[in-house]
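Engineer: First the structure, which I've put down as structure tokens, then a few questions once you've had a look.
The values are calculated or read from the model by the stated rules, or taken from the named source; none is laboratory data. Nothing here was measured: the structure is a model prediction, and the numbers come from that model. Every residue, glycine as well, gets a Cβ built from its backbone with ideal geometry; the counts of neighbours run over all protein chains shown.
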Amino acid sequence: MAQITPTTTTQSTPERPEGPGPMPPLGESAAAGADEPDALLAEGNGFLAQTLSELRKVVWPSRQQLFSESVAVILMVALSAAAIAAVDRFFHWASSQVFR
């Protein structure tokens, strides 16, 4: 029987980039000159601009797709409710037969 010996290989671990650093305490902004109202306003506009930019990338469903998927969801919820009600009624009937 052949004996298998483990081999060791040295793998270099990729260097991990450092994170953004520690978070500023609550109530303080990381932007330079955050005490000025203009700096806070510019920071807020940047967020709003980025949010709108991301919303423009969203592929919104067509009216037909929205309608058909909504109908499918409503049907599945109704069928699930009916199945749960049927099982509940069966167990109610069975327990009333046992505990007369």
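Engineer: Would you point out the residue of the range 53-69, among those that are surrounded by 10 or more Cβ atoms within 10 Å (Cβ to Cβ) and not polar (S, T, N, Q), that is modelled with the lowest pLDDT? I'd like the intermediate steps shown before the answer.
Structural biologist: First, pick out the residues of the range 53-69 that are surrounded by 10 or more Cβ atoms within 10 Å (Cβ to Cβ): 61, 65-69.
Retained after the next criterion (residues that are not polar (S, T, N, Q)): 61, 66-67, 69.
Values: 61: 93, 66: 96, 67: 97, 69: 97.
Here the answer is 61.
Engineer: If you don't mind, another one. Could you identify the single residue in 72, 31 that is surrounded by 10 or more Cβ atoms within 10 Å (Cβ to Cβ), of a type in the set (Gly, Ala, Ser) and at pLDDT 60 or above?
Structural biologist: Details: 31 fails: at pLDDT 60 or above.
From the options 72, 31, the qualifying one is 72.
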